[in-house]
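Note sheet for the following structure.
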Amino acid sequence: MIKKSTTALAMAAIVTASAVAAEDAPMVSVKRLSLETALTIAQGAVAACRKQGIQIGVSVVDRDGTVQVQLRDTIAASITLSISRQKAYTAVNFNAATSALGSRADTPIGRIDGLVMSAGGIPIQVGGALVGGVGVSGAPSGKTDEECAQAGIDKVIDDLEMAM
């Protein structure tokens, strides 16, 4: 019994030491979406909305909120690009679906330029790590925007999880 407790304590010390070492490391590794993967996500979102007869704009951003890919379907309004980018940016900065942020829209945080806290933005998480975000605009409802965004992520999620 004592040996088992000593082993557990030793393992806890190793885990703690590893966490401290990681915090003190001079560099960290960051996973990023490839251009091809970001494009597949955007195209998947457009295709999902097209199946419903809806034309959208979609933006895929990296984990910092910088646009990697932006597509606007043939007759989607030009404003869909700006809104989709802001939804994707908001999703990665809060690491949450924008549909979950609606209650914050009327707070000082919700009034910060560049944030859109209405449904249609989703963070892209792989193995618990944030790797990007996708935002969709142009559907008659935010719920449909979010469903199309999720359809884009679903096109690549298995490959992303296998890559981790």
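The values are calculated or read from the model by the stated rules, or taken from the named source; none is laboratory data. Just so it is clear, the model here is predicted, and its values are computed rather than measured. In this analysis, Cβ positions are derived from the backbone assuming ideal geometry, glycine residues included, and neighbour counts consider all displayed protein chains.
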Residue check for residue 16: part of a helix (DSSP H, G or I) and either modelled with pLDDT under 90 or out of contact with any strand residue (DSSP E or B) (no Cβ under 9 Å at 6 or more places or on another chain) (or both): yes
For region 18-57, enumerate the residues that are of a type in the set (A, V, I, L, M) and farther than 21 Å from residue 158 by Cα. 19, 20, 21, 22, 25, 27, 28, 54, 56
Hey, any hits in region 93-108 for a residue that's within 25 Å of residue 161 (Cβ to Cβ) and among the β-branched types (Val, Ile, Thr)? yes
Select from region 37-47 the residues that are under 16 Å from the mean Cα position of the chain (by Cα) and either farther than 19 Å from residue 97 by Cβ or at pLDDT below 95 (or both) and list them in ascending order. 37, 39, 40, 43
Somewhere in region 126-143, is a residue in contact with a Cys (Cβ under 9 Å, 6 or more places away or on another chain) and more than 16 Å from residue 61 (Cβ to Cβ)? yes
Kindly evaluate residue 30 against the criterion of being at pLDDT below 95, β-branched (Val, Ile, Thr) and closer than 22 Å to residue 129 by Cα. yes
